[in-house]
Number of protein chains: 2
Amino acid sequence: MSEPTPGSTGTLYLVPNTLDLGTPDSGADLQALLPLGVIRIAAGLQHWVAENAKSTRAFLKRVDAVVPLVLPLQSLCIVELPRAQKGAPLKGAAPNLPSAMAPQASLQPLLAPAQHGHDVGLISEAGLPAVADPGAALVQAAHGLGIRVMALPGASSLLLALAASGLNGQSFAFIGYLPVDAAERATRIRDLEALSRRQRQTQLMIETPYRNEALLGALVAHLQATTQLSVSCGLTLAGGFTRSDTVAAWRARATTMPGDVPAVFSLLAG
Amino acid sequence: MSEPTPGSTGTLYLVPNTLDLGTPDSGADLQALLPLGVIRIAAGLQHWVAENAKSTRAFLKRVDAVVPLVLPLQSLCIVELPRAQKGAPLKGAAPNLPSAMAPQASLQPLLAPAQHGHDVGLISEAGLPAVADPGAALVQAAHGLGIRVMALPGASSLLLALAASGLNGQSFAFIGYLPVDAAERATRIRDLEALSRRQRQTQLMIETPYRNEALLGALVAHLQATTQLSVSCGLTLAGGFTRSDTVAAWRARATTMPGDVPAVFSLLAG
């Protein structure tokens, strides 16, 4: 490799969390879901930046059950990302603003341990940090400071849903949330379908779980009959499923969506 | 969950391969890279559909070193995906055709074991099958036959690169390969930059490793100075790196790209 790692600075590790937050599965053996190599790295980190400190402590207890933590849990330094970084741009119906636009300077103190040679873990409540989740601004700040960034492998609900959909995996886009307003949402759905047809590109989106049913209803109502629609629900959980079918088939056979489990919706114009 | 699993049919498991194909790392302990739960499922599968049988046998030897295979390696049934399914649509410069457009009927025999109650593994040479890789048509065929599809967590170079880039992870698109012809490629780069600006969407692309250097050169030459450009190279490998910077900074400090290691390129218009 030609890129030298900086001399004495630590590495910012992007640590994938499991996808079972708040479910009965969340007590399961972490080894079933995360590579031992990732668990080992997590067990050795003293400094954490977290979307949520409480869920991070729960994660670290599961780590400790596999590989003992380098320090007792209460001695670890866990700092939460500033609120403005925590998904605010994600939840809105307006065009998504990249977290990268948030001021990075305020994040630099979170990276001070890395500047002093300690490795730092970045973790969100579920899945890979900085993807459909807060953290990108911290990663940008790390690059700006010459801190090595390393993303560790784990579950990403978006990619698992895409793979399981059978839709086009050679060209795809994740567009976040649709507008909540019914008329705006219908327009956006038709725009995405037109874009999908033009680019032959799978379009992926997510929704707050209690609106899963409403989003599915809107997709089935507004998409054309020949469009492929796939829904993945409760990925990596017992009882999780992926249904992938034409909109015509979805119309002919309803599927009830759970209102308390995250889902990923994918469409490809037929 | 509301979606019943079909009665007596097996499950099609999408098994993530490691990202170290053909590198010195490829002898490393599989537990460092894959969840034990995934290794256990892989060890129990007698029926495989593979992008490449040889690399699948190498993968299964690594599985066997952690969890003994249910049958001796030579007794497992490993069938390769038909050639037409194997990435041909991916390599072209033309608009990517979804594998889903390939005739699915010819793939149904590969799923006969699942119809008879056996679980089947689908695996590619690196990363998650059916994402930037062949397999989507088989997944579609499985859905058509009412076979349960389950994607297992592992490394996806695209998502790891996106997370490590610090670019917008709330809206992003993977567009595959750029045209090889220099003029067409320059046009496509400028189109992607305009799209990225309009949608505030990170654009991700890949290249055949020996063309990494040429693609980087073209991106640095044709993108605007304020555009963010990130390159991840050798993800999950010893010595892998992610560099994320403005195009102006890339121009000021060159990075030599290895010609034998996969890379992911991401851009976000500034």
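The values are calculated or read from the model by the stated rules, or taken from the named source; none is laboratory data. Here the structure is a predicted model, which is why all the values come from computation and not from measurement. Cβ atoms come from the backbone with ideal geometry, glycine included; neighbour counts cover every protein chain shown.
Listed values, structure above:
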item: Residue that is surrounded by the fewest Cβ atoms within 10 Å (Cβ to Cβ) [pool: residues in region A:13-50 that are farther than 23 Å from B:VAL67 by Cβ, at pLDDT below 95 and of a type outside the set (S, T, N, Q)]; result: A:PRO24
item: Of all residues in region A:150-163 being buried (at least 24 other Cβ atoms within 10 Å of the Cβ) and in a strand (DSSP E or B), the one that is farthest from the other protein chains (Cβ to nearest Cβ); result: A:GLY154
item: Residue list for region A:20-65, restricted to those being more than 14 Å from chain B (Cβ to nearest Cβ) and assigned to a helix (DSSP H, G or I); result: A:SER26, A:GLY27, A:ALA53, A:LYS54, A:SER55, A:THR56, A:ARG57, A:ALA58, A:PHE59, A:LEU60, A:LYS61, A:ASP64
item: Residue count for region B:114-146, restricted to those that are within 17 Å of the chain's Cα centre (by Cα) and either assigned to a helix (DSSP H, G or I) or under 16 Å from A:THR242 (Cβ atoms) (or both); result: 10
item: Conditions (1) modelled with pLDDT of 95 or more; (2) out of contact with any strand residue (DSSP E or B) (no Cβ under 7 Å at 6 or more places or on another chain); (3) assigned to a loop (DSSP other than H, G, I, E, B); (4) within 26 Å of B:LEU237 (Cα to Cα); number of the one not met by A:PRO4; result: (1)
item: Matching entry among B:PRO134, B:PRO129, B:PRO153 (being closer than 24 Å to A:LEU237 by Cβ and in contact with a Ser or Thr (Cβ under 7 Å, 6 or more places away or on another chain)); result: B:PRO153
item: Filter result (touching a Pro at 6+ places or on another chain (Cβ under 7 Å) and closer than 22 Å to B:SER8 by Cβ) within region B:131-146; result: B:GLY146
item: Residue list for region B:221-242, filter: more than 8 Å from chain A (Cβ to nearest Cβ) and of a type in the set (Val, Ile, Thr); result: B:THR226, B:THR227, B:VAL231
item: Residue within region B:142-149 that is more than 10 Å from chain A (Cβ to nearest Cβ) and of a type outside the set (A, V, I, L, M, F, W, C) present; result: yes
